[in-house]
Amino acid sequence: MTFWRSLFVAASLLAAPLSLAHAQTPQTVKAKNVVLVHGAWADGSSWSEVIPILQAAGLNVTAVQNPLSSLADSVEATKRVLAEQDGPTVLVAHSWGGTVISQVGTDPKVTGLVYVAARAPDANEDFVALSKQFPAGPARAGVVERDGYTKLSEDAFLKYFANGVKPEQAKELYAVQWPTAASIFAGRTTEAAWHSKPSWYAVSKDDYTINPDLERFLAKRMNATTIELDAGHLSLVSHPKEVANLILEAAGYGRS
């Protein structure tokens, strides 16, 4: 019994570092390209603070103008951009855009996935039901629907969606807010690329749109390399350096 107990203790000690590290240590393939997918109630300009940092590092960067009319339309728009990329590509998403890259990310060109305060559904998962296991953020109360499309009220957008963003910049983002089909939130993917591709996740600790604990759950579930930012939902605007650094890490460039 002494021998087996010693063997058990030794095995436990060897396994301990693995059990303590939720983040994976992926074999990163150096990417040439980054494709950025924005989320609901936004457009491609939401990446404008991140793009110059990535370009300065030598990456080819493209922001998808996500139509937000349906999951299928958003997936096709992202596939078209991805088809134009020459070589290894990192797919990055903010918010609802995480649904899109979870579907599209199985493409052989994609070497890594980066989720920024984003959804990360499993295949055929009822994400609405999953999210209801966590308290809803106050931004949700500001959703206004008309003719099947939704927008955030100005008060909700500035206070809860863009909290932490400079007021003048938040107002500019509100002005370009893209109408989002109400139906997309219940859309289900048939793929979950994070099962097979290395993943990174940026949690927003002050997020009033997606519950930060839901973000932590998603990051842990996918075994993502994870950072936590003192930011609201739009961390890509308020903390572009940190978000860009995570993307650079996923692209195999290290930190700028």
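Quick notes on this one:
- Take every DSSP beta bridge whose two residues both sit in the chain; close to 20 percent of them are antiparallel.
- C-alpha long axis of helix 212-221 to longest principal axis of the chain, angle in °: 50 degrees
- Helix 71-83 axis versus longest C-alpha principal axis of the chain: approximately 70°, rounded to the nearest ten.
- Under 5 Å between amide hydrogens, built in the peptide plane, is the criterion, and for Ala42 it picks out Trp178 among residues at least 5 positions away or on other chains.
- Here the chain exposes an accessible surface that is 56 percent carbon and sulfur, computed with a 1.4 Å probe and the other protein chains kept in place.
- In the chain, the calculated helix contribution to ellipticity at 222 nm averages -9500 deg cm²/dmol per residue, counting -39,500 (n - 2.57) for every DSSP H run with n ≥ 4.
- Close amide H pairs (under 5 Å, H built 1.01 Å from N) link Asn211 with Gly137, residues at least 5 positions away or on another chain.
- Protection proxy ranking, highest mean first, for peptides 127-133, 224-230, 235-241: 235-241, 224-230, 127-133, where packing is the per-residue count of other beta-carbon atoms within 10 Å, averaged.
- Angle between the chain longest axis and helix 240-250 axis [Cα atoms, degrees, rounded to 10]: 50 degrees
- Mean Cβ neighbour count within 10 Å, used as a protection proxy, ranking 53-60, 141-148 highest first: 53-60, 141-148
- Summed over the residues of the chain and divided among them, the accessible surface reaches 46 Å² per residue at a probe radius of 1.4 Å.
The values are calculated or read from the model by the stated rules, or taken from the named source; none is laboratory data. Since this is a predicted model, take the numbers as computed values, not measurements. Neighbour counts run over all protein chains shown; Cβ positions are idealised from the backbone, glycine included. What goes into the accessible areas is simple: the full protein's heavy atoms, side chains included, and nothing from ligands, DNA or RNA. Shrake-Rupley method; radii C 1.70, N 1.55, O 1.52, S 1.80 Å.
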